[in-house]
Ligand SMILES: CC(C)(COP(=O)(O)OP(=O)(O)OC[C@H]1O[C@@H](n2cnc3c(N)ncnc32)[C@H](O)[C@@H]1OP(=O)(O)O)[C@@H](O)C(=O)NCCC(=O)NCCS
């Protein structure tokens, strides 16, 4: 089954609420209108009625089923409760004055709505850089219990082939413990996309074929990941070909149950992960869906600034599926 057909069937009719801080962006209005019409989510656009209605009229989009929240003109008691929630959550790191200032920013406002369970998830980044979308989530929503690190994955798909790559978006460097954690969280995320996780820890070495600190790190990460999730098929360290190609795996790692059959690929650094997914996309002809933020306690996803309405629609579907 096509990935989006499968995700849509999971979320349809469930009225999962998603906040879009960039509510008056034409692409967001178009995607929100479609999501509501298709009964895939309950979209909430931040902005003024006037502004958003004008955009909707200009693109002939219906706002039926789309809620508008004028976040800059909220009653004082609503703002006060949000300020209190932030101050309490930040445990001394953010005072009341700062929290009030944050709430004037649509991304912080939307993130706080998610944190306070007023909505189920958030999609932003159509015109904000990654940091502006992700930082409020790191500061307020934070990680799931038992997870210390947020990372960014891509679902790579072509025809009926579907894989998950991580971390391709967030952490510049990973130590062994962090790489292990990304592996375990990624395996969990893979299941959201109907990918049966077989996790390969990637390196330029396969089973000690090369030496050096970078190899030792991936070996250590593999050991830690196996300890963290003893029931998951996780193995390494593998070069990409040993992880992916059964004939190469038979040569280089004949005893592994993951080599040659991996579906989840964990990269040792952001350089490797980000370059790797783009090679898969541009040389390999795979569609790259993401970055999907993983490890957060509630779903927030970042759009690419080059997104079109179709991209926004798809990221929203993914976000709603994560909220299930
Ligand atoms: C995501 C990113 C913007 C966060 O950077 P930042 O705002 O400078 O982060 P800071 O170090 O100031 O941390 C802010 C908070 O987030 C937390 N945090 C930062 N990175 C985190 C992570 N990966 N997981 C969990 N928490 C994290 C910090 O602990 C801090 O929490 P605190 O305020 O409670 O102490 C940064 O990691 C980044 O730019 N990554 C690369 C993004 C990129 O360019 N990707 C390229 C391809 S898309």
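Every number here is computed from the coordinates shown, using simple stated rules; none is lab data. None of these values were measured; they are calculated from a predicted model. Here Cβ is always computed from backbone atoms with ideal geometry, including for glycine, and neighbour counts include all displayed protein chains.
When 1/r is averaged over all different Cα pairs and the result inverted, which Kirkwood radius in Å belongs to the chain?
20.5 Å
Contact order normalised by length for the stretch 167-271, with contacts defined as Cα pairs under 8 Å and 6 or more residues apart; what percent is it?
Once divided by the residue count of the stretch 167-271, the mean separation gives 39 percent.
Pop a pseudo-label 7 angstrom from the Cα along the beta-carbon direction at both residue 77 and residue 90 and give the gap in nm to one decimal.
2.5 nm
Let me have the 222 nm mean residue ellipticity of the chain computed from DSSP H runs of 4+ only, each contributing -39500 (n - 2.57), with the sum over all residues rounded to the nearest 500.
Roughly -13500 deg cm²/dmol at 222 nm, from the helical runs in the chain.
Could you work out how far helix 309-323 tilts from the main Cα principal axis of the chain, as a 0 to 90 degree angle to the nearest 10?
Orientation of helix 309-323: about 80 degrees from the principal axis.
Determine, from the Cβ-Cβ distance of residue 283 and residue 255 and an R0 of 22 Å, the FRET efficiency 1/(1 + (r/R0)^6), rounded to the nearest 0.05.
Once the sixth-power term is evaluated, E becomes 0.15.
Just check the stretch 176-300 against the gyration tensor rule for me: Cα atoms, a ≥ b ≥ c as the square roots of the eigenvalues, rounded for a/c under 1.5, and otherwise prolate or oblate depending on whether a/b exceeds b/c.
Because its axes are fairly even, with a/c under 1.5, the stretch 176-300 counts as rounded.
Cα-based Rg (one decimal) and Dmax (whole number) for the stretch 1-116, in Å?
Here Rg and the maximum Cα pair distance are 16.2, 50 Å.
Let me check the size of the stretch 80-232 from its C-alpha atoms; what are the radius of gyration and Dmax in Å?
Both quantities, over Cα of the stretch 80-232: 18.6, 59 Å.
Express the relative contact order of the stretch 248-307 as a whole percentage, based on alpha carbon pairs under 8 Å and six or more residues apart in sequence.
This gives 15 percent for the stretch 248-307.
Is the stretch 156-222 best put as rounded, prolate or oblate by its Cα gyration tensor, with a ≥ b ≥ c the root eigenvalues, rounded for a/c under 1.5, and otherwise prolate when a/b is larger than b/c, oblate when not?
Note, shape of the stretch 156-222 comes out prolate.
If you take the Cα atoms of the stretch 246-288, find Rg, then find the Kirkwood Rh from the mean of 1/r over all pairs, what is Rg/Rh?
1.05
For the stretch 201-273 and the stretch 103-148, write down the distance between their C-alpha centroids in whole Å.
Measuring centre to centre over Cα atoms gives 33 Å.
Nearest 10 degrees, 0 to 90: what angle lies between the long axis of helix 76-90 and the longest principal axis of the chain (Cα atoms)?
With both axes taken from Cα atoms, the answer is about 20 degrees.
Roughly how many nanometres apart are two label points built 7 Å out from the Cα toward the Cβ at residue 194 and residue 53?
4.2 nm
With an 8 Å cut-off on Cα pairs and a minimum separation of 6 or more residues, tell me the relative contact order of the chain in percent.
After rounding, I find 22 percent.
How far is helix 26-37 tilted off the main Cα axis of the chain, in degrees rounded to 10, range 0 to 90?
90 degrees
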